[in-house]
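Only one structure is covered here, and it is reproduced in the block below.
None of the figures in this text is laboratory data; all of them are computed from the coordinates on show. Here the structure is a predicted model, which means the values were calculated and not measured. When we count neighbours, we look across all protein chains shown, and the Cβ atoms used for this are built from the backbone with ideal geometry, even at glycine.
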């Protein structure tokens, strides 16, 4: 029966090695030793007395060697067992700790960590285990936060709907076009939030179908920006797009969605009469799109936070005016899914913000001379 525990298997392996080594030595000594012993005695051939004494001496030598080998075997096995137990315990102890920690993590204790002071591969295994535990802990924390955020975000429109429907049912509120419009607006808000959450989940879990193709990012940005021109013109905001051609390999609809989210965000935070710059350029052999506004800007700690779900730069801004706070989270998830990266840059409060997406270069772009990569971000 094969032992199941690591310590028992290590002990059995060490003892087996010791037995094999001793067996090899014993066989070699018993087979070769008597011949060498006879040669060392130097009895003359034809001497009956010498021959008889040689045979008796050889038998005594073989018997003594067997006893010595038996004693050595017993001593070696005891020593090997003691050393093997110590070594096996030393090797198995961190593995046992890892197994215990994994069971605690499986039970929901994601803050569990193991010591990484062990040498060699054990330390690498412990480090990988801690990285995995940290990732699970962060995922669980985001899940709990998401559940709380979703519950909070759904509570307001549901409370509004419930209040108006109760008023209509009791006759306190008279049915009117304005009432139906308000109810319709709240249901549309709920639908939009649910759709955005579903899309964010699909993007983060890589469930979105992506159709990569070579496209001109600058031309696509101009097409998307054209849809926002009437909305921007109502507030005297100009959308500026310098002429350029940047080839990238990405999903056309998803890139358009990223630019649309960036422009929506820029319009939401830009003052009337300001300008929004949209640029397409290359950097580091990859294509980039950026949208720069002249709004309130972001502090250093907000540059990453704005890509989190339900984050609002201005807590006083309502969701009806400021969106559900999921658009930039979707942008980052889409960029990651296409092998790109999304981030924000700002000089601080009052300096405006530039939102950037970096995408793999297209075939046309990758064949351009290296001088085309000299462009820098605004």
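If you go through the stretch 134-175 and keep only what is out of contact with any helix residue (DSSP H, G or I) (no Cβ under 8 Å at 6 or more places or on another chain), closer than 22 Å to residue 198 by Cα and surrounded by 12 or more Cβ atoms within 10 Å (Cβ to Cβ), you end up with 140, 142, 145, 146, 149. Of all residues in the stretch 244-258, those being touching a residue at least 60 places away in the same chain (Cβ under 8 Å) and either part of a helix (DSSP H, G or I) or in contact with a helix residue (DSSP H, G or I) (Cβ under 6 Å, 6 or more places away or on another chain) (or both) number 7. Against the definition (touching a helix residue (DSSP H, G or I) at 6+ places or on another chain (Cβ under 7 Å), in a loop (DSSP other than H, G, I, E, B), touching a residue at least 60 places away in the same chain (Cβ under 8 Å) and more than 30 Å from residue 350 (Cβ to Cβ)), how does residue 200 come out, yes or no? For residue 200, the condition - touching a helix residue (DSSP H, G or I) at 6+ places or on another chain (Cβ under 7 Å), in a loop (DSSP other than H, G, I, E, B), touching a residue at least 60 places away in the same chain (Cβ under 8 Å) and more than 30 Å from residue 350 (Cβ to Cβ) - is not met. Within the stretch 84-130, being free of Cβ contacts under 8 Å to residues at least 12 places away in the same chain, part of a helix (DSSP H, G or I) and farther than 24 Å from residue 17 by Cα holds for 99, 100, 103, 104, 106, 123, 124, 127, 128. Checking each residue in the stretch 268-280 for being surrounded by 20 or more Cβ atoms within 10 Å (Cβ to Cβ) and in contact with a helix residue (DSSP H, G or I) (Cβ under 7 Å, 6 or more places away or on another chain) picks out 276, 278, 280. Of the set (1) in contact with a strand residue (DSSP E or B) (Cβ under 7 Å, 6 or more places away or on another chain); (2) within 15 Å of residue 339 (Cα to Cα); (3) surrounded by 11 or more Cβ atoms within 10 Å (Cβ to Cβ), all apply to residue 208 but (1). Every condition in (1) within 30 Å of residue 105 (Cα to Cα); (2) surrounded by 11 or more Cβ atoms within 10 Å (Cβ to Cβ) holds for residue 214 except the one numbered (1). Scanning the stretch 282-295 for residues that are under 29 Å from the mean Cα position of the chain (by Cα) and part of a strand (DSSP E or B) yields a total of 8.
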